[in-house]
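The values are calculated or read from the model by the stated rules, or taken from the named source; none is laboratory data. Keep in mind that what you see is a predicted model, and the values were worked out from it rather than measured. All Cβ positions, glycine included, derive from the backbone under ideal geometry; neighbour counts span all protein chains shown. Surface areas here come from the heavy atoms of the whole protein model, side chains and all, with no ligands, DNA or RNA. Shrake-Rupley method; radii C 1.70, N 1.55, O 1.52, S 1.80 Å.
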Amino acid sequence: MDATVRAHLRPEVARQALPGAEPVLRVEDLRVWYGARPALRGVSLEVPERRITAVIGPSGCGKSTLVRAINRMNELIPEVRTEGRVWFRGRNLYDPDVDPVEVRVRIGMVFQKPNPFPKSIYENVAFALRLHRRLSRRELDEQVERALRQAALWDEVKDDLHRKSGLELSGGQQQRLCIARALAIEPEVLLLDEPCSALDPVSTARIEALMEDLRRTYTLVIVTHNMQQAARVSDFTAFLLDGELVEFGPTEELFTRPRDRRTEDYITGRFG
């Protein structure tokens, strides 16, 4: 294993990753096609509750497709076909009577590139709340503040909530604003698709520290191309290759004692 990756492993990961972490999500034989091209080939794994699960692998291996399948975002892409099951709280999210909008409320998502609305900071966070709940102005104010505090952004923007557009914030602040927007409607699971890839090292460190705080309340799944980041922040790691799940387990175990030669080759830089 690469010494740099080893140095970033959190010492408490092994303890937290011991058996006993209850799964909140269970993916079974998940298969996704873009037209005739297969993107996922029978992926099965369990996502433990209130843990951080990292999804790693080379570009084009199916990482983003996997997390988008979990909350049915792939359905917004033309010519996508999905087979298999995603169980959440004992319910298959792909059952015909399940509302995909409700799925995305309970399983939120933050994307690779920050995408704040061209609205005030306050309205960026309040937008989803207004769509899904009937709140008084006082209740709305409280929920906006709560979400911004959870995203570690409140102290930086509290004096500019209505005066400054979300587009005027720095890249790192914009990403935390998008996290606050996702947290405002209180999802149980938060999916983060390479949330730091467009950020500088200082902003990346803030997002990683934020994830550590959020894991006390939420289940997080993070797609990352950065193996050092996976080692720093995650409790469990899934390695995908060509749309297949090669290996999944506690992060320390996967990085230090991989069971599959392909995993070892990837994390040691022989390909990817």
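Summarising the label geometry, the points placed 7 Å from Cα in the beta-carbon direction at LEU131 and GLU49 lie 2.7 nm from one another.
In this simple spin-label approximation, GLU75 and ALA198 carry label points 7 Å from Cα along the Cα→Cβ vector, and these lie 2.6 nm apart. When peptides 193-201, 234-242, 153-161 are sorted by average Cβ neighbour count within 10 Å, with the highest value leading, the order is 234-242, 193-201, 153-161. Extension gain, GLU83-ARG26: 0.36 nm per intervening residue step, less the Cα-Cα distance, totals 19.1 nm. Amide H contacts for ARG50 (H built 1.01 Å from N in the peptide plane; partners 5 or more residues away or on another chain; cut-off under 5 Å): THR219, LEU220. Using the Karplus relation 6.51 cos²θ - 1.76 cosθ + 1.60 with θ = phi - 60°, the per-residue 3J(HN,Hα) values for the stretch 55-69 come to 10, 10, x, x, 4, x, 7, x, 4, 5, 4, 4, 5, 5, 6 Hz, with x marking Gly and Pro. Here's the picture: charge each Lys and Arg Cβ at +1 and each Asp and Glu Cβ at -1 in the stretch 33-173, and of LEU45, LEU135, VAL101 the one pushed furthest to the positive end of that dipole is LEU45.
List the lysines whose Cα sits under 28 Å from the Cα of LYS119, skipping any in the same chain fewer than 8 residues away. Excluding near neighbours in sequence, the set is LYS158, LYS164. A Förster distance of 25 Å, applied to the separation of the beta-carbon atoms of VAL98 and LYS119, puts the FRET efficiency at 0.25. Note: relative contact order over the chain, using C-alpha pairs below 8 Å and six or more positions apart, is 30 percent. Converting phi to 3J(HN,Hα) with the Karplus coefficients 6.51, -1.76 and 1.60 and the offset θ = phi - 60°, the stretch 114-126 yields x, 9, x, 6, x, 10, 5, 4, 4, 5, 4, 7, 6 Hz in sequence order, with x at every glycine or proline.
For LEU192, the residues whose modelled amide H falls within less than 5 Å of its own, excluding neighbours fewer than 5 places apart on the same chain, are VAL110, VAL221, ILE222, VAL223. Projected label points at ASP160 and ARG262, each 7 Å from Cα along the beta carbon direction, are separated by 4.7 nanometres.
What's the ranking of 65-71, 130-136, 144-150, 110-116 by average number of surrounding C-beta atoms within 10 Å, highest first?
65-71, 144-150, 110-116, 130-136
HIS162 exposes around 110 Å² of accessible area when a 1.4 Å probe is run over every protein chain in place. In terms of its alpha-carbon gyration tensor, the stretch 24-120 comes out rounded; the largest-to-smallest axis ratio a/c stays below the 1.5 threshold. Rolling a 1.4 Å probe over the heavy atoms of the protein chains gives the stretch 152-249 an accessible area of 36 Å² per residue. Once the Cα atoms of helix 137-150 and of the chain are each reduced to a long axis, what angle between those two axes, in degrees from 0 to 90 to the nearest 10, is obtained? Between the helix axis and the principal axis of the chain, the angle is about 40 degrees.
Database remark: amide H of LEU241 closer than 5 angstrom to the amide H of VAL246 (H placed geometrically; neighbours at sequence offset of 5 or more, or on other chains; Pro and chain starts carry no H). Of the solvent-accessible surface of the chain, computed with a 1.4 Å probe over protein heavy atoms with every protein chain present, carbon and sulfur atoms account for 47 percent.
Rg/Rh for the stretch 82-136: what does it come to with C-alpha atoms and Rh from Kirkwood?
On the way: Rg = 14.7 Å, Rh = 13.8 Å.
We get a ratio of 1.07 for the stretch 82-136.
Three semi-axes describe the equivalent ellipsoid of the chain; taken as square roots of 5 times the Cα gyration tensor eigenvalues and ordered largest first, they are 30, 23, 17 Å. Listed values for the stretch 244-261 are Karplus-derived 3J(HN,Hα) couplings in whole Hz (6.51 cos²θ - 1.76 cosθ + 1.60, θ = phi - 60°), namely 10, 7, 7, 7, 9, x, x, 4, 4, 5, 5, 7, 9, 9, x, 8, 10, 4, and x replaces Gly and Pro.
Calculated mean residue ellipticity, 222 nm, the chain: -10500 deg cm²/dmol, from DSSP H runs (n ≥ 4) at -39500 (n - 2.57) each, averaged per residue and rounded to 500.
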